[in-house]
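> Take a look at this one; I'll ask things after.
The values are calculated or read from the model by the stated rules, or taken from the named source; none is laboratory data. This structure is a prediction, so every number in the text was calculated from the model and none was measured. Backbone-built Cβ (ideal geometry, glycine too); neighbour counts: all protein chains shown. Note: accessible area is taken over every heavy atom of the protein model, side chains too, but ligands, DNA and RNA are not part of it. Shrake-Rupley method; radii C 1.70, N 1.55, O 1.52, S 1.80 Å.
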Amino acid sequence: MSIFEPNEGTLVVIPSLSLPQDELRRITGARCYEERLLFLLLTLKRPGVKVVYLTSAPVDPAIVDYYLDFLDDPAEARARLEMISLGDPRLCPLTEKILHGPRTIARIQEALDGTADAWLVPFVVSEAEERLSAALGLPIYGPATALAQLGSKSGARTVAEDAKVPLARGFADLRSLTEVEHAARALAPLSHGGKLMVKLNNSYSGLGNAIVVKDDRPLTACHTSFSAADENWTTFAEKIAERGAVIEEFIDQRPLYSPSALARITPGGAYDVVATHEQVLGGPNGDVYQGCAFPARPEYRAEVGECAERIAGVLADRGVVGLFGMDFFAVKTDGGYRALLCEINLRIGGTTHPFGAALLTTGAVYDPGTGTLMCGDQSKYYVATDNCAAACLRGRAPGEIVARIRAAGLGFDRETRTGNVLHLLGAIPEYGKLGFTSIGNSAEEAAELHRRTLRFLCPTP
């Protein structure tokens, strides 16, 4: 099964952010991230596909219209779409809200009436998604929670070792600040200037990381930079005890490249790598995800793809199902670039919606030999962001921004199959924030379109 291009059946999309809530609160407009999977409405181009999409708060009808307008017959596709809103904008996981509302479950069951082939498509699988799966009697397109450890920072190191994929030197399965302290003393002499990275086992978008320069003093007295602005060693130590952590040497090579790979494993155990990306990172430590470019650089694209395929093979053998991402460092050596696994994200991630949007709008096919998307003989490239924000956008209606983009010639052109695909449109009125994927026929064309769109939406004084 492919959620990108299903031939028939029903996708019950549950974009619940069932992740550490303390980290989500630091993301502007986090609830609106439930809209990042709206690209799946484009699967309605297949006449045998139906989509049931749930959200905490209603999605502006203009946003739904925007996605359906990519299709040949929007009205016919709309008849196979069921948008269900809980009318509950509180920042807590959508799935938990669904489970506490029997009427919502009844509405989903009603939408599924007569459907022979249906899947639950969650953003991430937690125990809540498994309870919902049982209540609806639907299989989940995602890994069982019994396998969640494989996607933790400690589990990723074990998987990499089994797959014979290189790693930064470090220690895993640390369960207290004392254990982290002992590991830091052992690792610091081997690292550049005593610089180390501590990462919580389960965190989101790099917000569970800390960079520390270890000297002879206790760890808590050493110079430390937390990726989350309001973090300190007291709060971080509590999270280490709760979630566990790893500590690794800090990769200090400059420029430091941070490619990622996207892979899928079918319910039958078949696996493949579907994309590589160049991550765009920001934040105080340069490790918070902000966007991506496709594909990864040619210097190490094949190496990243090969490492990702070996990891996917190990995870398939363990019973993992669904889409997942892998982040790497690309380190230059005398013999070329070497890929070091950074982490595994056993869930739909930040590169999934740009890839899905590009794939479904262009009709391109991923070529594993070159690591590019091919539309006939034409390669496709894109640059994406989740973080286009400007005060001048706040208070605007999503439909107004869509119209302005089209009028400026920055929309998607179905003839050339280039242009922008917008997302996070629901965050515009309150937060002045949106995301977009800029698709071009070359890396340069995609990058230039992205720059022009940023200047258009966020003009500098």
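> Candidates (i) 74, 54, 40; (ii) 67, 49, 45; (iii) 63, 46, 40; which is the computed Cα extents along the principal axes in Å?
The value computed from this structure is option (ii).
> Let me ask another. In angstroms, what radius of gyration and Dmax does region 105-204 have, counting Cα atoms only?
According to the Cα coordinates of region 105-204, Rg and Dmax are 20.1, 64 Å.
> First check a/c for region 47-186, with a ≥ b ≥ c the square roots of the eigenvalues of its C-alpha gyration tensor; if it is under 1.5, answer rounded, and if not, answer prolate when a/b is larger than b/c or oblate otherwise. Spell out each step's value before the answer.
Numbers: a/c = 2.43, a/b = 2.16, b/c = 1.12.
Prolate.
> So what is the calculated 222 nm ellipticity per residue for the chain, using -39500 (n - 2.57) for each DSSP H run with n of 4 or more, over all residues, to the nearest 500 deg cm²/dmol?
For the chain, the value works out to -8500 deg cm²/dmol.
> What are the residues whose amide H is under 5 Å from the amide H of VAL165, where those residues sit 5 or more places off or on another chain and H is modelled from the backbone?
Answer set, sorted by chain and number: none.
> How many Å³ per residue does the convex hull of the Cα positions in region 141-296 occupy?
132 Å³
> Tell me, how many Å apart are the Cα centres for region 146-171 and for region 378-434?
37 Å
> Using alpha carbons only, how many degrees (0 to 90, rounded to 10) separate the axis of helix 177-187 from the longest principal axis of the chain?
Once rounded, the angle reads 70 degrees.
> Could I ask something else about it? Need the list of lysines near LYS164 for cross-linking: C-alpha distance under 20 angstrom, and skip anything on the same chain fewer than eight residues off.
Within the straight-line limit of under 20 Å, LYS164 reaches these lysines: LYS153, LYS332.
> Tell me, what ³J(HN,Hα) does each residue in region 147-157 have, in order and in whole Hz, if you take phi through Karplus 6.51 cos²θ - 1.76 cosθ + 1.60 with θ = phi - 60° and put x for Gly and Pro?
So the Karplus estimates, Gly and Pro as x, are 9, 4, 4, 5, x, 7, 4, 5, x, 4, 5 Hz.
> Something else now. Just order 107-117, 135-145 by mean Cβ neighbour count inside 10 Å, highest at the front, would you?
Top of the packing list down: 135-145, 107-117.
> Accessible area of region 238-323 with a 1.4 Å probe: how many percent of it is carbon plus sulfur?
That fraction is 46 percent.
> Continuing with the same structure: So what is the accessible area of region 117-163 per residue, in Å², with the probe set to 1.4 Å?
That works out to 34 Å² per residue.
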